[in-house]
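Asks: Have a look at the structure that comes next, please.
Throughout, read-outs are computed from the coordinates displayed, never taken from laboratory work. Please read all numbers here as calculations on a predicted model, not as lab measurements. Virtual Cβ from ideal backbone geometry, glycine too; neighbours counted across all protein chains shown.
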Amino acid sequence: MWWPCGWEAVGVAHQPSPLIAGPSLPPLSRPQLAEARRVRAVELFEDGVSNAEIARAVGVCAESVRRWRRMWEQDGASALRRRAATGRPPKLDDTQVETVRAALEQGAQAHGFEADLWTLERVGAVVTRATGVVLSRASVWRLLTGRLGWSLQRPERRAVERNESEIARWIAHEWPRIKKGP
């Protein structure tokens with residue numbers, strides 16, 4: 001049978017012990033926070049604090065602390081440090097991403113497109129022109145949402161003939177009359 005490994009999973013709010021928790025940390029990303037927890041655990045290992053107390057202090061389950069302690073005893077504190085991401089390196093380095101960001105911020109019309117809307121194909125074409133790197137649609141999406149922090153925006157569809165002042169007049173005068181009834 002599987003048991004949840006964390007106080008939140010069983011409905012108990014967890015608060016780190018103020019005596020053990022150490023100084024408060026600035027807002028951290030998830031990987032940074034995980035590493036900070038492991039580093040704090042190492043400090044507590046060295047002070048001889050029990051696994052259960054360390055688990056409560058850093059907000060993880062005791063099994064994680066036991067695993068960390070085994071790694072620490074075998075390979076030292078460096079075994080608990082965050083490692084670089086594995087896998088294929090990105091096709092665009094940070095300077096190329098900034099070049100693409102600057103190009104995209106100029107707008108689509110500045111790159112010869114009719115409307116000032118970005119599509120994955122258009123962004124891919126700009127990436128290729130700016131950096132010489134050809135990206136698939138999926139890679140363009142990951143570039144936009146992951147590395148550039150952009151999100152999907154859909155333009156509002158409105159009729160060209162739409163008359164805002166006539167709409168406002170109708171809402172102010174006609175609609176109350178219709179709503180009131182005979």
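Asks: Please list, by residue number, every one of the GluC sites (Glu not before Pro) in the range 75-160 that is coil in DSSP and has at most 15 other beta-carbon atoms within 10 Å.
Replies: Those satisfying the criteria are E114, E156.
Asks: Which one, (i) 23, 20, 17; (ii) 29, 17, 14; (iii) 52, 31, 13, gives semi-axes √(5λ) of the Cα gyration tensor in Å as derived from the coordinates shown?
Replies: Matching entry in (i) 23, 20, 17; (ii) 29, 17, 14; (iii) 52, 31, 13: (iii).
Asks: For Cα pairs less than 8 Å apart in space and 6+ apart in sequence, what is the mean separation divided by the residue count of the chain, i.e. the relative contact order in percent?
Replies: Rounded, it is 14 percent for the chain.
Asks: What is the extension gain from R147 to H173, computed as 0.36 nm multiplied by their sequence separation minus the C-alpha to C-alpha distance, in nm to one decimal?
Replies: Gain on stretching R147 to H173: 4.4 nm.
Asks: Normalise the Debye intensity by I(0) for the range 103-173, one equal point scatterer per Cα, no solvent, then take log10 at q = 0.16, 0.27 Å⁻¹ and round to two decimals.
Replies: -0.65, -1.32
Asks: With springs connecting C-alpha atoms under 10 Å apart, model the chain as a Gaussian network and identify which of W118, W170, W150 has the largest mean-square fluctuation.
Replies: Maximum fluctuation in the GNM of the chain, among the listed residues, is at W170.
Asks: If you don't mind, another one. Can you work out the FRET efficiency for the pair R70 and L33, with r the C-beta to C-beta distance and R0 = 22 Å, to the nearest 0.05?
Replies: 0.50
Asks: Now, a different point. Please work out the Cα center distance from the range 38-86 to the range 151-178, rounded to the nearest Å.
Replies: Here the answer is 60 Å between Cα centres.
Asks: On to the next question. Rounded to the nearest whole Å³, what is the per residue volume of the convex hull around the Cα atoms of the range 74-123?
Replies: 121
Asks: I need the calculated FRET efficiency for the pair T99 and K180, taking r as the beta carbon distance and R₀ as 45 Å, to the nearest 0.05.
Replies: 0.15
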